[in-house]
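Report on one structure; see the data block that follows.
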Amino acid sequence: MLVSIVGAGPGDPELITVKGQNLLKRADVIIYAGSLVNPSLLEFAKNGCAVYNSASMTLPEVIDVIVKAVAEGKRVVRLHTGDPAIYGAIQEQMDELKKHNIEYEVIPGVSSFLATAAALKQEYTLPGVSQTVIITRNEGRTPVPSRESLRALAAHQSTMCIFLSVHMLQQVVDELIAGGYDKTTPIAIVQKASWPEQKIVRATLETICEEIKDKDISRTAMIVVSKVLDNDYELSRLYAPEFSHGYRKGSEA
Ligand code: SAH
């Protein structure tokens with residue numbers, strides 16, 4: 001396969017998959033999303049590899065680079081931050097590649113919402129608290145269908161991971177409270193999870209805007225809202241001594 005769309009992971013260069021790293025090492029052309037991908041991943045590139053930063057390119061320009069490279073039999077890696085399937089704008093690239101009859105593969109990556117859980121040392125799915133994770137964003141220049149507004153999604157009181165929205169934090173908080181979250185619901189904001197400069201701010205919906213004021217956090221941050229952050233939950237059934245399952249006979253069996 002000459003074209004690989006690769007998830008770079010959330011920042012730490014060791015959090016790319018082995019497969020992704022091997023493809024970077026073999027690539028003749030790398031096009032990376034410069035606004036978020038850690039440039040130190042480019043150190044895996046071999047000598048003579050052509051490197052393009054897509055931050056300053058349009059979709060036709062990106063496709064043009066890929067089409068020309070493939071025509072010359074070159075291996076191309078299109079490197080996207082986190083996992084390419086989440087706010088990666090890859091669908092339009094894949095559709096263009098199909099139009100040019102270019103085959104491609106997609107290599108998943110560690111999404112930033114999972115690097116955020118790791119930074120917080122937090123499970124998102126606690127029994128009796130929340131068994132659902134909602135991945136979403138506030139409406140910005142990209143429209144969000146109204147049935148998926150933060151206010152509507154808040155009704156579920158699930159764990160919510162809110163991307164691309166920290167610069168609109170007050171609006172996010174207002175919508176979540178209007179949708180039904182209690183003002184005392186815990187919220188955590190993680191900026192640049194897994195990068196050396198990672199920052200974590202914890203507060204409640206009521207206090208977060210004040211709390212974050214002097215922290216210089218305006219982009220590349222994940223907002224997590226959930227009662228799971230309270231650490232008050234039921235123990236999982238999976239490891240309960242009396243609980244039997246396919247791999248273990250419990251004490252009550
Ligand atoms: N495909 C990416 C998301 C791209 S959208 C993924 O799977 O993570 C860009 C948004 O992702 C940012 O606005 C921010 O909300 C989030 N993000 C990306 N990297 C992050 C990181 N290291 N820490 C926290 N949030 C991050």
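The values are calculated or read from the model by the stated rules, or taken from the named source; none is laboratory data. Since the structure is predicted, the reported quantities are computational estimates derived from the model, not experimental observations. No Cβ is skipped: glycine too gets one built from the backbone with ideal geometry, and neighbour counts run over all protein chains shown. Just the protein is used for accessible areas: all its heavy atoms, side chains included, with ligands, DNA and RNA removed. Shrake-Rupley method; radii C 1.70, N 1.55, O 1.52, S 1.80 Å.
Of note:
- Summed over segment 180-199, residues that are within 16 Å of the ligand (Cβ to nearest atom) and surrounded by 14 or more Cβ atoms within 10 Å (Cβ to Cβ) total 11.
- Per-region count, segment 58-103, residues within 16 Å of the ligand (Cβ to nearest atom), open to solvent by 70 Å² or more (accessible area, probe 1.4 Å) and under 16 Å from I31 (Cβ atoms): 1
- Residue match in segment 236-251 (condition: free of Cβ contacts under 8 Å to residues at least 12 places away in the same chain, among the basic types (K, R) and in a loop (DSSP other than H, G, I, E, B)): yes
- Residue match in segment 230-239 (condition: under 26 Å from the mean Cα position of the chain (by Cα), modelled with pLDDT of 80 or more and within 16 Å of the ligand (Cβ to nearest atom)): no
- Of all residues in segment 87-127, those being under 25 Å from S236 (Cα atoms) and β-branched (V, I, T) number 3.
- Options A203, A193: the member that is in a strand (DSSP E or B) and among the hydrophobic types (A, V, I, L, M, F, W, C): A203
- Count - residues of segment 155-190 that are in contact with a helix residue (DSSP H, G or I) (Cβ under 7 Å, 6 or more places away or on another chain), farther than 25 Å from G128 by Cα and assigned to a loop (DSSP other than H, G, I, E, B): 1
- Residues in segment 208-253 that are polar (S, T, N, Q), open to solvent by 60 Å² or more (accessible area, probe 1.4 Å) and at negative phi: S218, S251.
The rows are residues; the columns are (1) within 11 Å of the ligand (Cβ to nearest atom); (2) basic (K, R); (3) touching a residue at least 60 places away in the same chain (Cβ under 8 Å).
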| position | (1), (2), (3) |
| --- | --- |
| L2 | no, no, yes |
| G7 | yes, no, yes |
| G11 | yes, no, yes |
| T17 | no, no, yes |
| Q21 | no, no, no |
| K25 | no, yes, no |
| A33 | yes, no, no |
| L41 | no, no, no |
